[in-house]
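The values are calculated or read from the model by the stated rules, or taken from the named source; none is laboratory data. Predicted model only: the values in this text are computed from it and were never measured. Positions of Cβ are generated from backbone atoms using ideal geometry, with glycine treated the same way; all protein chains shown enter the neighbour counts. Remember, those area values only see protein heavy atoms, side chains included, never the ligands or the DNA or RNA. Shrake-Rupley method; radii C 1.70, N 1.55, O 1.52, S 1.80 Å.
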Amino acid sequence: MDLATVRRRLVRHWGATVRVGEVYVEHHERVVFQSVTPTGTRVVVKAFADPARLAVELAALRAAGTAGVVVPEVVEHLPGLLVLSWLDGEPLRSTSPDRYWSAAGSTLRRLHENAATHDIPAAGSDDWWGWLRGWLPEARERTRELLPGAVADRLSRILEDGYATADVPPKRLLHGDSASIHWRIGHDGVAAMLDFGDACVGDPVWDLVVLTHWDEGRLAAVLGGYRADPALRARVDLLFEPYRVTRHLLAVDWLLDHGYDAHATLRELTRLASWTGRDRTAPIGWARKGD
């Protein structure tokens, strides 16, 4: 899949020139770019090599929208391709005020509490912990290839201890990749969500951790917006480190498999192997978004 092919297809469909604005993604799995329809409407075009991923995104967008979450509207749906409405607003950044992060937490609660889960696949074939434990050998092998042995051993212990938890998480619709790059904050202060291609049914703590995994100091604002009760806060405290390590390891795999630089994420994993157990309220000044 490439941009030129997607553009030619859209030219045939629209019968008009297709303007290509900012290109967000272009690789063999997906192409995502800004454009303008023949009627002058600003849109985002998303093309998928895997029809199943498009189906997941489409179902999750509908479920989230029905639940009251602000998401892009589907302007057109063609085989393998979505044209989505453009959402105005400010990106969520490390420097954004706490009220933006709180708004994101509030939106996640709305998604988790109200969105229907039918037509959305369950992570790990409905066995959340089984899926994570089954992934451990692969994660251990990858860390040993890329990181010093002591770091790899420490990361493996973090994962094993976290995955050994006995509780069964509630099954909720997850965004799945709720990192800050997939948020827009409107002028009314409402947080909108983008890019539901990784949506699944699983543990809502996953979304909370992925949102803050590069911005740990914003976790308090997110949990405040989420109106997290003591039980949920305890689960976040228990699972933050293993979920964060898991997210970074998955990102390393994706970055390397798609030809991107994974050094920032590997440095962060090395830091986490030595910093685990520090006061989570302490600022992490040098960490930056990388996945």
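Numbers for the structure displayed
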read-out	value
Unit charges on C-beta of K, R, D, E only; dipole of the chain, Debye	500 debye
The stretch 130-255, dipole about Cα centre (Lys/Arg Cβ +1, Asp/Glu Cβ -1), debye to the nearest 20	140 debye
Ala116 versus Arg142: modelled label distance in nm, points set 7 Å from Cα along the beta carbon direction	3.4 nm
Kyte-Doolittle mean at least -1.0, axial Cα span of 20 Å or more - DSSP H helices of the chain	51-66, 149-163, 230-257
Length added when fully stretched, Asp257-Thr66, from 0.36 nm per residue minus Cα-Cα	65.3 nm
Fraction of accessible area attributable to carbon and sulfur, the chain (%, probe 1.4 Å)	52 percent
Descending Cα extents along the principal axes, the stretch 31-81, whole Å	30, 27, 14
Gained length - His28 relative to Val75, 0.36 nm times residue gap less alpha-carbon distance	14.5 nm
For the stretch 1-32 and the stretch 136-195, distance of Cα centres in Å	31 Å
Beta bridges per DSSP with both ends in the chain, % antiparallel, nearest 5	95 percent
Cα gyration tensor, the stretch 174-250 - rounded (a/c under 1.5), prolate or oblate	oblate
Proximal charge balance of Gln34 [Cβ under 14 Å; K/R count +1, D/E count -1]	+1
Accessible surface, per residue, of the chain when the full set of protein chains is kept, probe 1.4 Å, Å²	46 Å²
Paired Rg and Dmax values of the stretch 107-249, which use every Cα atom, in angstrom	15.5, 49
Cα gyration tensor shape of the chain, rounded if a/c is under 1.5, else prolate or oblate by comparing a/b with b/c	prolate
Inter-label distance for Asp2 and Thr165, nm, one decimal - labels placed 7 Å from Cα along Cα-to-Cβ	4.5 nm
Surface/4 estimate of mean projected area, convex hull on alpha-carbon atoms of the stretch 1-119, nm²	8.3 nm²
Heavy atoms of Trp254: accessible area, 1.4 Å probe, square angstrom to 10	90 Å²
Distance from the stretch 205-263 to the stretch 71-93 (C-alpha centre basis), Å	24 Å
MRE, 222 nm, helices only [DSSP H, n ≥ 4, -39500 (n - 2.57), over the chain, to nearest 500]	-15500 deg cm²/dmol
Once the Cα gyration tensor of the stretch 63-156 is diagonalised, semi-axes √(5λ) in Å	34, 21, 16
Residues whose placed amide H lies under 5 Å from that of Val201, excluding near-sequence neighbours	Ala122, Ala123, Leu174
